[in-house]
Amino acid sequence: MATVTATVSEVKAFGENATIVSWTPLPNGDVGSAIEMPGATERSIQFSGTFGVGGTIVFQGSNDGTNWVTLTDPQGNAISKTAAAIEKVQEVTRFVRPSVTAGDGDTALTATLLLRRTT
């Protein structure tokens, strides 16, 4: 299992500040580097790329940086995808990361996270 480094950029649009975090490429068995942004209370995650046979990516959170759990959408469904998708993230945790839990040699995914503070 390798760790894919996150790329972080700021977005300034319509008078608001947001942050975009991207991890790519994420092959089967890899995780994204953990990012720490607990002050961002609004979060959405987008998955795209080649899922290959059985490709599955989950979005995980942790408050201690050691024990990871799959986060959920506002309806309480685990954020675990086998096709391209965008989901709002319900929980606000200290750390977040994507993890590719299944796939084949063709699996090459991108996870793009939008973070925004509300006032």
Restricting attention to the range 4-42, which residues are within 18 Å of ASP106 (Cα to Cα) and of a type in the set (S, T, N, Q)? THR24, ASN28
Scanning the range 7-51 for residues that are touching a residue at least 60 places away in the same chain (Cβ under 8 Å), of a type in the set (Gly, Ala, Ser) and assigned to a loop (DSSP other than H, G, I, E, B) gives GLY29, SER33, ALA34, GLY39, ALA40
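Where a number appears in this text, it was derived from the coordinates with a stated rule and is not lab data. None of the values given here were measured: they were computed from a predicted structure. For neighbour counting, all protein chains shown are included, and Cβ atoms are generated from backbone atoms with ideal geometry for every residue, glycine included.
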